Amino acid sequence: MFGKATLFAAATATAILTATAASAATEIQWWHAFTGRLGELVAEQIETFNASQDTYTVVGSHKGNYSETLNAGIAAFRAGEQPHLLMVFEVGTATMMGAKGAIKPVYTLMEETGKDFDPDAYMGAVKGYYTTTDGEMLSLPYNSSTPVLYVNKDALSEAGLNPDMDLSTWENVGAALDVLAEAGHECPLTTAWQSWIHLENLGAWHDTPFATKDNGFAGTDTELAFNGPLHVKHIGMMGEWAKDGKFIYAGRRNEGGARFRAGECAFFTESSAGYAGVKKEAEFDFAIRPLPYWVTAAGAPQNTIIGGASLWVMEGHEDKEYAGVAEFLNFLSSSEIQAKWHQDTGYLPITNAAADLTREQGFYDENPGTEIAGVQMTGKAPTGNSKGLRLGSFDQIRGIIDEELEAVWSGDKSAQEAMDSAVERGNVLLRRFERTSK
Amino acid sequence: MQKRVTFHNRWLPYLLVAPQVLVTLVFFFWPAGQAVWQSMYLPDPFGLSSEFVGAENFTYLFEDPYYRASFITTAVFSTLVTLASMSVALLLAVMADRVIKGSGAYRTLLIWPYAVAPAVAGVLWLFMFNPSIGVATYWLKGLGYDWNHVLNGTEAMGLVVAASAWKQVSYNFLFFLAGLQAIPKSVIEAAAIDGASFARRFWTIVFPLLSPTTFFLLVVNVVYAFFETFAVIHTITGGGPQQDTNILVYKVFKDGFVGQDLGSSAAQSVILLFLVGILTVIQFRFIERRVHY
């Protein structure tokens, strides 16, 4: 009995001590959408930051996938329980921007807390997605990737093609698909994220608008514009390939990845962040190539745009907490952290310094192809058509695009019909969003 | 002669029904009222501003041909799920009712799938029928059939119906079995002595006597197909390919929790509320007349 009581007293004392020790540091809540390997890497970043100082403690919480995390953030804000930092995917950018009073732009945060902050340190093509037309940074780019072409070199050799052949244009890829299909290959080409790669990035890569008003950057009165000749030509060609069994549609997300990694598919258009998975699982010789473009279309190659997420600072917290948030954001942007993140995941380094550091460390020489995403994004200064997309209700618009593309792949609609219909349906949503964001 | 219970204290009866009334108020009338209220507004996602729009959310929906088409998809889906889950359950119940040895084991196994959450059921079926790695897809390929529910709408519908119905079979089975066991043996034995075959005994005696159970299950299953199958759709097809499996309740979720369009989402909930109300009235007015209690 006596022993138990002492033990209890000791335990209580320890608990109190730990509690005081913890409450000494200001807590910063960060809600993110990463699990698995990426979740571990996020936890590692947080631990490194917490260990590097004892004024602030960052607490990371996983809130589900991208959509669910955004939802959790919105619901929490409505209940007055919002975290300090919220991870929001690029598709939700317009929604967050419209929420004046719910968010604290990063440039304001840095001004108020007086932290050193140089927006020019960030890669133009990455930063552009999250800055206003006046160049003010609203959210901190966190994980950004861009689409590239993955090639199964063994499949090409088996079909009698030179595995190092020029695949920079869709014309050349198309010729390779013919040969592969001729040789009886069952899955010459597959893709992930069809709208992002084959419509949104297609436009940016060829300096052609996806939507009017600089893809929505210059105002919410933007209208979709991807039913022009370039987009229709590309989707029409993909539809032909689908009909001939040269393009295999696997699903709306990255379902095609499993087939490519298993060695079933010869070509795969996917995010540069798919690199870690391919490297880990592929038991064949693979290569990464830049996303192909149509040589017969003017404007290409311009630059591709990013996908991924950025970190938004939420309103309604105390000044000393915001000081911690600013410090943490600067920590995340530091070259060492970014270079490691870039090398571990295949996401782009968000600062030019991190890219230089990665090169100095010899990573690109040891892992050929990993530098392509960065080069593809930074080759040219972004134009109004290639800075990114800022469209309201964009998650839903992508859903509409997915539906219409499926109609093309199954042969139910022509490319022109499907794109016209997607534009018309999407514009209805844009007008509705325009009204709510006044 | 009617039995009437009389209370001596005039407040006691109200006190006794109060918990039920309270639960209904808090968990049904309040949220339903909120949905009706919200359906007349166009709010921004964060609830920072809200514009009164009257019936505009409703006209917006009915002007959308894809929303109107979703009614047909829902009708097809609900009918198939209800028919499939009830007929299979009845067949299994009749067979399990005749089992003499080891009936407990059979029954437990048949009830098991009910413990599976809809989302898990969806993932399970998705794995079996995954166009590239599914076991069932592989077998079908062996038989010369190329399964691809990612692009084939009929196959996608078949798959979500199968997954939704499979889960509900256990529940229906439980009620049918109980219903079967409540039928007096003497009636069936008398018919058997008169020389009625098993099929004849089933259709002229057992099935009519089961009608209260069948009617109850019909109502429950329609409500299930309308409201609780969303997780199955979400995990297997996401409403696709195109709009082929986009049922009304899934659109409520997509517009509300993916699109952050709470006004339209609320309007759709109100429409669903009325739809199910009408369906229930129809069921009680017209089908219940054929039920023998």
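The values are calculated or read from the model by the stated rules, or taken from the named source; none is laboratory data. Bear in mind that the values here come from a model prediction, so they are computed numbers and not experimental data. A quick note on method: Cβ atoms are made from the backbone with ideal geometry, for glycine too, and the neighbour counts reach across all protein chains shown. Remember, those area values only see protein heavy atoms, side chains included, never the ligands or the DNA or RNA. Shrake-Rupley method; radii C 1.70, N 1.55, O 1.52, S 1.80 Å.
Any chance the range B:168-184 includes a residue that's within 14 Å of chain A (Cβ to nearest Cβ) and in contact with a helix residue (DSSP H, G or I) (Cβ under 6 Å, 6 or more places away or on another chain)? No. Tell me, please, whether a residue that is within 14 Å of another protein chain (Cβ to nearest Cβ), open to solvent by less than 50 Å² (accessible area, probe 1.4 Å) and hydroxyl-bearing (S, T, Y) can be found in the range B:222-233. Checked the range B:222-233: no residue is within 14 Å of another protein chain (Cβ to nearest Cβ), open to solvent by less than 50 Å² (accessible area, probe 1.4 Å) and hydroxyl-bearing (S, T, Y). If A:G411 satisfies all but one of (1) open to solvent by 50 Å² or more (accessible area, probe 1.4 Å); (2) touching a Lys or Arg at 6+ places or on another chain (Cβ under 9 Å); (3) at the interface with chain B (Cβ under 7 Å from one of its Cβ atoms); (4) not aromatic (F, W, Y), what's the number of the condition it fails? A:G411 satisfies all of (1) open to solvent by 50 Å² or more (accessible area, probe 1.4 Å); (2) touching a Lys or Arg at 6+ places or on another chain (Cβ under 9 Å); (3) at the interface with chain B (Cβ under 7 Å from one of its Cβ atoms); (4) not aromatic (F, W, Y) except (3). Taking the condition of a type in the set (F, W, Y), at pLDDT 90 or above and out of contact with any strand residue (DSSP E or B) (no Cβ under 6 Å at 6 or more places or on another chain), does A:F89 pass? So A:F89 does not fit the description; no. Assessment of the range B:127-139 against the conditions (under 19 Å from A:W409 (Cα atoms) and in contact (Cβ under 8 Å) with a residue 40 or more places away in the chain) yields no matching residue. Among the residues making up the range A:1-36, those that are at pLDDT 50 or above and either surrounded by 13 or more Cβ atoms within 10 Å (Cβ to Cβ) or among the polar types (S, T, N, Q) (or both) are A:S23, A:A25, A:T26, A:E27, A:I28, A:Q29, A:W30, A:W31, A:H32, A:A33, A:F34, A:T35.
Residues considered: B:A93, B:A119. Of these, the only one that is crowded, with 17+ Cβ neighbours inside 10 Å and either among the hydrophobic types (A, V, I, L, M, F, W, C) or within 14 Å of chain A (Cβ to nearest Cβ) (or both) is B:A93.
For the range A:388-399, state whether one or more residues are more than 14 Å from chain B (Cβ to nearest Cβ), open to solvent by 40 Å² or more (accessible area, probe 1.4 Å) and either in contact with a Pro (Cβ under 7 Å, 6 or more places away or on another chain) or in contact (Cβ under 8 Å) with a residue 24 or more places away in the chain (or both). No: zero hits. Residues in the range B:191-219 that are in contact with a helix residue (DSSP H, G or I) (Cβ under 9 Å, 6 or more places away or on another chain) and free of Cβ contacts under 8 Å to residues at least 24 places away in the same chain: B:A191, B:A192, B:A196, B:F198, B:R200, B:R201, B:T204, B:I205, B:F207. Here A:A355, A:A418 are screened, and the one residue that is away from chain B (no Cβ under 14 Å) and either of a type in the set (A, V, I, L, M) or open to solvent by less than 50 Å² (accessible area, probe 1.4 Å) (or both) is A:A355.
You will find that of B:A165, B:A225, the residue that is aliphatic (A, V, I, L, M), under 20 Å from the mean Cα position of the chain (by Cα) and within 19 Å of B:A93 (Cβ to Cβ) is B:A165 and no other.
So which residues in the range A:275-299 are open to solvent by 10 Å² or more (accessible area, probe 1.4 Å), outside any loop (DSSP other than H, G, I, E, B) and in contact with a Lys or Arg (Cβ under 9 Å, 6 or more places away or on another chain)?
Residues of the range A:275-299 open to solvent by 10 Å² or more (accessible area, probe 1.4 Å): A:275-277, A:279-290, A:293-299.
Going one step further and asking which of them are outside any loop (DSSP other than H, G, I, E, B), we end up with A:275-277, A:279-281, A:286-290, A:293.
Selection gives A:A276, A:G277, A:K280, A:E281, A:F286, A:A287.
Against the list (1) within 17 Å of the chain's Cα centre (by Cα); (2) assigned by TED's automatic domain parsing to the domain that holds A:I400; (3) surrounded by fewer than 24 Cβ atoms within 10 Å (Cβ to Cβ), the condition A:K153 fails is (1). Applying the condition of being among the hydrophobic types (A, V, I, L, M, F, W, C) and touching a residue at least 40 places away in the same chain (Cβ under 8 Å) to the range B:255-274 and asking which residue is nearest to the other protein chains (Cβ to nearest Cβ) yields B:L262.
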